[in-house]
Amino acid sequence: MKILVTGGAGFIGSNFIHYWLQHHASDRVVNFDKLTYAGNLENLKAVEKNPHYQFVRGDIGDPEGVAKAMSGVDVVVHFAAESHVDRSILGATPFVLTNVVGTQVVLDAALKAKVQRFHHVSTDEVFGQLPLGSGEAFNEETPYNPRNPYSASKAGSDHLVRAYHATHGLPVTISNTANNYGPYQFPEKLIPLAITNLMEGKPVPVYGDGKYVRDWLYVTDHCRAIDLMLSKGKVGETYCIGGLTQDVNNLTLVKKIIALLGKDESAITFVKDRPGHDRRYAIDWSKAKRELGYQPKHSFDEYLESTVHWYQENQDWWQRVKSGAYQQYYREQYGNR
Ligand code: NAD
Ligand code: DAU
């Protein structure tokens, strides 16, 4: 089988390529990626000489490049996106161009190539926010209510994917997934930002009162869920994929990381809140469990500890990522903290 992975040089995409080549060694994987600030071929060093792996640099907004990469492809797993909420608040244009227009370009090419499956990787953020302490969780029937430019652009892409299925019969599946964490995550996101700032002796910026809740999903569990959706998922269906956390708020999470690193809680710095900050996310993944046999493998605390170890053992990786343009972004987002 030949599988086209868009955005395979990013955090989840590169973890997925490693996962796929380990579990489906006879398949061929094409990684189509623009290499934006978030794309990093260092994540894929271990597979770059694998004859079953090919990298193609390209923009999903370019119909010619995408059509070329789609040649002979059986399955598309579509990760490529602008993924950071704070950057979408600083400027929404790349989010609409890549997440909405780019997705439509990939859909057109997939339709023309008559692929067997188009899997679209989306987010739980399209559902909006849940009240703190309510016990409610998002599921496949939850109405869309995106509240920031990133989630609005992902909602647009989800609607296009469903429309290509209903109108053109493209064989799609969609996942709406919780906050991922693990190796190779760009340190603009809370967990790698907190770990690496603490290791550098810098403060950890916590937005607002810190009582915001996310559902945390270890990246390898997510990759396994995509594998299950490709093999057992029903065409046209959506699956919500989450982890094993039970309402761990950001402040508690940062304190767990501080304890794992043996640092001091004085590193916590409360900063101005994110505009439109969604209070709480939680995912009901019972459909994926029932229909696909999906189940996270380890507890949040176990995965968090191994994630902290990964950043301890891979300092070169994140130190390189945090130099250059990252510094400029950090100053724009956080001032001179
Ligand atoms: P990321 O920002 O780490 O990586 C995105 C990748 O896409 C990068 O390699 C980048 O170079 C590439 N890319 C961006 N624009 C492109 C374009 N125009 N053409 C080709 N490639 C382009 O993102 P991530 O965290 O790995 O997220 C991957 C996908 O999963 C996204 O669609 C995101 O919305 C979704 N998702 C992420 C999370 C999460 O917690 N990270 C949770 C749910 C869903
Ligand atoms: O829910 C899935 C989404 O999770 C994905 O679709 C997005 O691509 C991914 O970026 C992530 O979005 P969040 O906005 O939830 O992730 P982030 O790591 O940016 O923030 C997690 C929480 O931590 C959120 O409540 C904001 C807070 N935060 C974040 C940063 C970067 C802070 O308090 N301080 C920070 O410096």
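Quick note: the coordinates plus some simple rules give every number you see, no bench work behind them. Values in this document were obtained by computation on a predicted structure and should not be read as measured data. Ideal geometry is used to build each Cβ from the backbone, glycine not excepted, and the neighbour counts take in all protein chains shown.
In the set (1) within 15 Å of ligand 1 (Cβ to nearest atom); (2) without any contact (Cβ under 8 Å) to a residue 12 or more places away in the chain; (3) among the polar types (S, T, N, Q), S231 fails one condition alone, (1).
Hey, among F95, F79, which residue is out of contact with any strand residue (DSSP E or B) (no Cβ under 9 Å at 6 or more places or on another chain) and closer than 20 Å to G39 by Cβ?
Working: F79 fails: out of contact with any strand residue (DSSP E or B) (no Cβ under 9 Å at 6 or more places or on another chain).
Unique residue meeting the criteria: F95.
Of the residues examined, R274 is one that is under 14 Å from Y207 (Cα atoms), touching a residue at least 60 places away in the same chain (Cβ under 8 Å) and not aliphatic (A, V, I, L, M).
Quick check on P203: is it buried (at least 20 other Cβ atoms within 10 Å of the Cβ) and within 12 Å of ligand 2 (Cβ to nearest atom)? Taking the combined requirement at face value, the residue does not satisfy it. Of all the criteria given as (1) surrounded by fewer than 21 Cβ atoms within 10 Å (Cβ to Cβ); (2) part of a strand (DSSP E or B); (3) within 12 Å of ligand 1 (Cβ to nearest atom), the one not satisfied by V101 is (2). For H84, the test of being surrounded by 20 or more Cβ atoms within 10 Å (Cβ to Cβ), within 19 Å of the chain's Cα centre (by Cα), within 23 Å of G243 (Cβ to Cβ) and within 11 Å of ligand 1 (Cβ to nearest atom) is failed. Sort out which residues of the range 1-42 are within 15 Å of ligand 2 (Cβ to nearest atom), in a loop (DSSP other than H, G, I, E, B) and in contact (Cβ under 8 Å) with a residue 40 or more places away in the chain, and write them in order of number. Matches in the range 1-42: G7, G10, T36, Y37, A38.
A residue that is at negative phi, free of Cβ contacts under 8 Å to residues at least 40 places away in the same chain and part of a helix (DSSP H, G or I) can be found somewhere in the range 50-64.
Scanning the range 241-285 for residues that are in contact with a Cys (Cβ under 9 Å, 6 or more places away or on another chain) and more than 13 Å from ligand 2 (Cβ to nearest atom) returns D284, W285.
Per-residue answers, yes or no, for (1) surrounded by 13 or more Cβ atoms within 10 Å (Cβ to Cβ); (2) in contact (Cβ under 8 Å) with a residue 60 or more places away in the chain; (3) not basic (K, R):
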{"residue": "G236", "(1), (2), (3)": "yes, yes, yes"}
{"residue": "N250", "(1), (2), (3)": "yes, yes, yes"}
{"residue": "K256", "(1), (2), (3)": "yes, no, no"}
{"residue": "L261", "(1), (2), (3)": "yes, yes, yes"}
{"residue": "D284", "(1), (2), (3)": "yes, yes, yes"}
{"residue": "R290", "(1), (2), (3)": "no, no, no"}
{"residue": "E313", "(1), (2), (3)": "no, no, yes"}
{"residue": "K322", "(1), (2), (3)": "yes, yes, no"}
{"residue": "R331", "(1), (2), (3)": "no, no, no"}
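A Cβ distance below 7 Å, combined with a sequence gap of six or more or placement on separate chains, defines the contacts here; from the range 130-156, residues that are free of Cβ contacts under 8 Å to residues at least 40 places away in the same chain reach residues that are of a type in the set (A, V, I, L, M) in the pairs Y144/V126; Y144/A155; P146/V126; P146/A152; P146/A155; A155/V126.
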